[in-house]
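Asker: Quick one: this structure, given as structure tokens, is what I'll be asking you about.
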Protein chains: 2
Amino acid sequence: MDIEAALKRCPLFSGLEDREITEIEAISASKRYPKGTSIFSEDQEAKGFFVVISGRVKIYKLSPEGKEQILHIISPGQTFAEAALFDGSTYPAFAESLAETRVLYFPKESFVNLIRKNPQMSLNMIASLSHWLREFVSLVEELSLKDVSARLSQYLMDLSAQSGRSSERGIEFKLDISKSQLASQLGTISETLSRALRKLRDRRIIEVEGKKITILQKDALEEISLGIPL
Amino acid sequence: MDIEAALKRCPLFSGLEDREITEIEAISASKRYPKGTSIFSEDQEAKGFFVVISGRVKIYKLSPEGKEQILHIISPGQTFAEAALFDGSTYPAFAESLAETRVLYFPKESFVNLIRKNPQMSLNMIASLSHWLREFVSLVEELSLKDVSARLSQYLMDLSAQSGRSSERGIEFKLDISKSQLASQLGTISETLSRALRKLRDRRIIEVEGKKITILQKDALEEISLGIPL
DNA sequence: CCATCGGTTTGATTTAGGTCAATTTTAGGT
DNA sequence: ACCTAAAATTGACCTAAATCAAACCGATGG
């Protein structure tokens with residue numbers, strides 16, 4: 001994807017004039033990260049924020065024993081670390097590229113100035129932060145109040161809604177990340193995820209072939225995602 | 001606390017002129033909730049947001065089986081539900097008064113207009129949302145990566161830092177909520193919290209007398225909060 | 001074509017923490 | 001001060017999920 005296209009479909013910059021987009025592009029720097037590169041670390045000074053142009057970035061926390069909790073996976077057109085610029089002076093988590101990734105980097109100073117001068121961008125930023133907040137509320141809910149099967153089912157429902165195609169057997173789609181990364185996003189480990197997938201498969205609710213998932217019984221999957229016991 | 005004082009110490013309105021504060025007060029409505037009253041429910045249409053003048057409000061989620069996860073407890077001078085106005089059309093959680101509570105209520109329409117017209121308020125709002133976001137990151141981290149003892153220890157450390165007074169034995173303070181509410185804030189249940197407190201007491205790290213806590217070994221408590229096993 | 005190295009699956013076992021039930025303590029209302 | 005109801009504690013038990021260990025893919029590069 002080219003830079004201008006990515007900026008234009010980024011919610012943070014929506015509703016802006018072309019000349020404003022150009023101005024924005026001017027204060028940014030393009031950066032490239034090979035797969036598996038650290039973009040920043042927890043507690044590092046937050047000197048800027050990022051827009052993903054291509055590739056994927058995971059934002060995550062680590063426990064002292066090394067267990068990983070993915071907070072979010074950022075796709076092209078999405079921003080990350082913007083909140084770190086406005087509260088505290090450090091990044092609150094780690095960021096690492098999941099694939100070869102291109103980003104635009106906006107240094108704190110010039111970006112904050114931009115926001116100050118541009119009321120539309122302030123409102124976009126408020127909307128974007130509010131959206132993030134709702135996602136986190138939902139993540140907390142899932143981690144605290146739902147079991148692994150329910151979290152997995154919810155994830156499959158969401159993914160099928162956004163990228164599923166219906167076939168003869170049911171709704172079909174591909175997992176967009178590895179299963180161990182998925183485990184870490186669901187707040188569990190690969191072994192447990194593997195067993196949860198197997199349970200769904202044994203009950204003929206889904207089919208699994210590598211990364212390809214077919215949902216055979218959408219209603220059953222939804223019930224499980226709502227916490228009706230397996 | 002009187003209304004103007006509460007507004008003035010509310011971060012959302014900081015840096016505003018007195019006449020602006022007056023204007024803000026004009027679009028708000030004062031409401032009163034006896035202890036234990038529902039202020040709004042999850043999925044209810046978000047028609048406005050709130051500033052707490054006096055009392056306390058808990059924001060929480062419920063599982064289908066009725067387990068409660070407190071997301072935040074709001075104290076005087078703090079706002080809540082502001083994000084709901086800018087993303088989606090419903091409240092993402094429940095809100096209930098923990099004590100006799102006075103709030104100012106701002107209808108969505110007029111508040112959004114206010115924000116649009118007032119760049120300083122936009123920036124305050126961005127700061128406030130960013131701050132919430134950081135808190136949620138930390139909540140997710142604790143729920144997913146730390147055990148109950150670590151979460152409890154962290155909570156006690158935080159509370160002692162903001163309201164502790166040092167005595168001969170150690171740092172002394174009072175829990176600001178009931179233990180069952182604390183359990184629900186830590187993502188556990190009262191029985192488990194009770195046992196976690198007992199373990200700390202048995203090891204002479206803290207003393208507990210009702211709501212009064214004395215931290216005897218701050219360093220040990222900190223280690224536990226960081227996840228060094230008990 | 002084979003060796004290799006993640007990622008994945010499976011089984012056996014352990015454990016933190018939730019559930020259930022009974023008791024004790026505390027706090028608010030009259 | 002007393003009575004009741006809610007909150008807190010304790011014990012016995014159970015379960016979901018983590019841990020440990022081993023085997024099993026499937027892609028990648030020599």
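Asker: Taking the criterion of being touching a Lys or Arg at 6+ places or on another chain (Cβ under 9 Å) and of a type in the set (A, V, I, L, M, F, W, C), would at least one residue in the stretch A:107-122 satisfy it?
Answerer: no
Asker: Does any residue in the stretch A:204-215 that is on the phi > 0 side of the Ramachandran plot come within less than 6 Å, Cβ to Cβ, of a residue that is of a type outside the set (D, E, K, R) and away from DNA strand C (no atom under 14 Å from the Cβ) six or more places away or on a different chain, and which pairs are these?
Answerer: Close Cβ pairs (under 6 Å, with a partner that is of a type outside the set (D, E, K, R) and away from DNA strand C (no atom under 14 Å from the Cβ)) amount to A:ARG204/A:LEU216.
Asker: Does B:GLN181 fit the bill of being touching a residue at least 24 places away in the same chain (Cβ under 8 Å), within 26 Å of B:THR37 (Cβ to Cβ) and in a helix (DSSP H, G or I)? Step through it out loud before you land on a result.
Answerer: Details: touching a residue at least 24 places away in the same chain (Cβ under 8 Å): yes; within 26 Å of B:THR37 (Cβ to Cβ): yes; in a helix (DSSP H, G or I): yes.
Taking the combined requirement at face value, the residue satisfies it.
Asker: Which numbered condition in (1) in contact with a Leu (Cβ under 6 Å, 6 or more places away or on another chain); (2) modelled with pLDDT under 95 is the only one that A:GLY77 fails?
Answerer: Result: A:GLY77 passes all but (1).
Asker: Something else now. Applying the selection to the stretch B:157-178, what residues are within 25 Å of B:GLU68 (Cα to Cα), within 16 Å of DNA strand C (Cβ to nearest atom) and more than 15 Å from the chain's Cα centre (by Cα)?
Answerer: B:LYS174
Asker: For the stretch B:190-230, what are the residues that are assigned to a loop (DSSP other than H, G, I, E, B) and more than 8 Å from DNA strand D (Cβ to nearest atom)? Before the answer, list the steps.
Answerer: So the first thing to find is which residues in the stretch B:190-230 are assigned to a loop (DSSP other than H, G, I, E, B), and the list is B:203-205, B:210-211, B:216-217, B:227-230.
Residues satisfying the conditions are B:ARG203, B:ARG204, B:ILE205, B:LEU216, B:GLN217, B:GLY227, B:ILE228, B:PRO229, B:LEU230.
Asker: Checking A:ASP158 against (1) surrounded by fewer than 16 Cβ atoms within 10 Å (Cβ to Cβ); (2) closer than 23 Å to A:THR79 by Cβ; (3) at pLDDT below 95; (4) of a type outside the set (Phe, Trp, Tyr), only one condition comes out false. Which one?
Answerer: Tallying (1) surrounded by fewer than 16 Cβ atoms within 10 Å (Cβ to Cβ); (2) closer than 23 Å to A:THR79 by Cβ; (3) at pLDDT below 95; (4) of a type outside the set (Phe, Trp, Tyr), A:ASP158 fails exactly one: (3).
Asker: Somewhere in the stretch A:67-81, is a residue touching a His at 6+ places or on another chain (Cβ under 9 Å) and closer than 30 Å to B:LEU226 by Cα?
Answerer: Taking the stretch A:67-81 as the starting set, the residues that turn out to be touching a His at 6+ places or on another chain (Cβ under 9 Å) are A:78, A:80.
Cutting the leftovers down to closer than 30 Å to B:LEU226 by Cα gives us A:80.
Scanning the stretch A:67-81 turns up at least one residue that is touching a His at 6+ places or on another chain (Cβ under 9 Å) and closer than 30 Å to B:LEU226 by Cα.
Asker: Can I ask one more? Here are some residues: A:GLU45, A:GLU4. Which one is farther than 22 Å from A:SER180 by Cα and at pLDDT 95 or above? Show your work before the answer.
Answerer: Details: A:GLU4 fails: at pLDDT 95 or above.
Residue meeting the stated conditions: A:GLU45.
Asker: Regarding A:ILE59, is this residue within 16 Å of DNA strand C (Cβ to nearest atom) and of a type outside the set (Gly, Ala, Ser)? Reasoning before the result, please.
Answerer: Numbers: within 16 Å of DNA strand C (Cβ to nearest atom): no; of a type outside the set (Gly, Ala, Ser): yes.
It is false that A:ILE59 is within 16 Å of DNA strand C (Cβ to nearest atom) and of a type outside the set (Gly, Ala, Ser).
Asker: I would also like to ask the following. Please pick out the residue among A:THR192, A:THR188 that is within 11 Å of DNA strand C (Cβ to nearest atom), under 26 Å from B:LEU71 (Cβ atoms) and within 14 Å of another protein chain (Cβ to nearest Cβ). Write out each step before concluding.
Answerer: Details: A:THR188 fails: within 11 Å of DNA strand C (Cβ to nearest atom).
When all the criteria are applied, what remains is A:THR192.
Asker: Something else now. Mind listing whichever residues of the stretch B:87-99 are on the phi < 0 side of the Ramachandran plot, at pLDDT below 95 and more than 16 Å from the chain's Cα centre (by Cα)?
Answerer: Across the stretch B:87-99, the qualifying residues are B:ASP87, B:SER89.
Asker: Hey, another quick one. All but one of (1) more than 10 Å from DNA strand C (Cβ to nearest atom); (2) more than 14 Å from every other protein chain (Cβ to nearest Cβ); (3) modelled with pLDDT of 95 or more; (4) under 28 Å from A:GLN69 (Cβ atoms) hold for B:LEU152; state the number of the condition that does not hold.
Answerer: (1) is the only condition that B:LEU152 fails.
Asker: If you don't mind, another one. Among the residues of the stretch B:128-145, which ones are touching a residue at least 24 places away in the same chain (Cβ under 8 Å), over 15 Å from the mean Cα position of the chain (by Cα) and facing another protein chain (nearest Cβ under 7 Å)?
Answerer: Hits for the stretch B:128-145 are B:LEU143, B:LEU145.
Asker: Of these, B:MET157, B:MET125, which one is away from DNA strand D (no atom under 16 Å from the Cβ) and within 13 Å of chain A (Cβ to nearest Cβ)?
Answerer: B:MET125
Asker: Across the stretch A:162-197, what is the number of residues that are of a type in the set (Gly, Ala, Ser) and either crowded, with 18+ Cβ neighbours inside 10 Å or under 15 Å from A:LEU143 (Cβ atoms) (or both)? It would help to see each step written out before you state the result.
Answerer: Start the filter on the stretch A:162-197 by keeping residues that are of a type in the set (Gly, Ala, Ser), which leaves A:163-164, A:166-167, A:170, A:178, A:180, A:183-184, A:187, A:190, A:194, A:196.
Next cut, either crowded, with 18+ Cβ neighbours inside 10 Å or under 15 Å from A:LEU143 (Cβ atoms) (or both) only: A:164, A:170, A:183-184, A:187, A:196.
Final tally of qualifying residues: 6.
Asker: Additional query: Tell me which residues, restricted to the stretch B:195-215, are of a type in the set (Lys, Arg), near DNA strand C (Cβ under 10 Å from one of its atoms) and either closer than 18 Å to B:ALA150 by Cβ or touching a Ser or Thr at 6+ places or on another chain (Cβ under 9 Å) (or both).
Answerer: So in the stretch B:195-215, the residues of a type in the set (Lys, Arg) come out as B:195, B:198-199, B:201, B:203-204, B:211-212.
Next, only the ones that are near DNA strand C (Cβ under 10 Å from one of its atoms) stay: B:195, B:199, B:211-212.
Once the filter is applied, which keeps residues that are of a type in the set (Lys, Arg), near DNA strand C (Cβ under 10 Å from one of its atoms) and either closer than 18 Å to B:ALA150 by Cβ or touching a Ser or Thr at 6+ places or on another chain (Cβ under 9 Å) (or both), the stretch B:195-215 yields B:ARG195, B:LYS199, B:LYS211.
Asker: Oh, and also: For B:LYS218, state whether it is more than 14 Å from chain A (Cβ to nearest Cβ), within 12 Å of DNA strand C (Cβ to nearest atom), touching a strand residue (DSSP E or B) at 6+ places or on another chain (Cβ under 7 Å) and not hydrophobic (A, V, I, L, M, F, W, C). I'd like the intermediate steps shown before the answer.
Answerer: Numbers: more than 14 Å from chain A (Cβ to nearest Cβ): yes; within 12 Å of DNA strand C (Cβ to nearest atom): no; touching a strand residue (DSSP E or B) at 6+ places or on another chain (Cβ under 7 Å): yes; not hydrophobic (A, V, I, L, M, F, W, C): yes.
No, not satisfied.
The values are calculated or read from the model by the stated rules, or taken from the named source; none is laboratory data. All of these numbers come straight from a predicted model, not from anything done at the bench. Because the Cβ atoms are built from the backbone with ideal geometry, glycine has one as well, and the counts that use them run over all protein chains shown.
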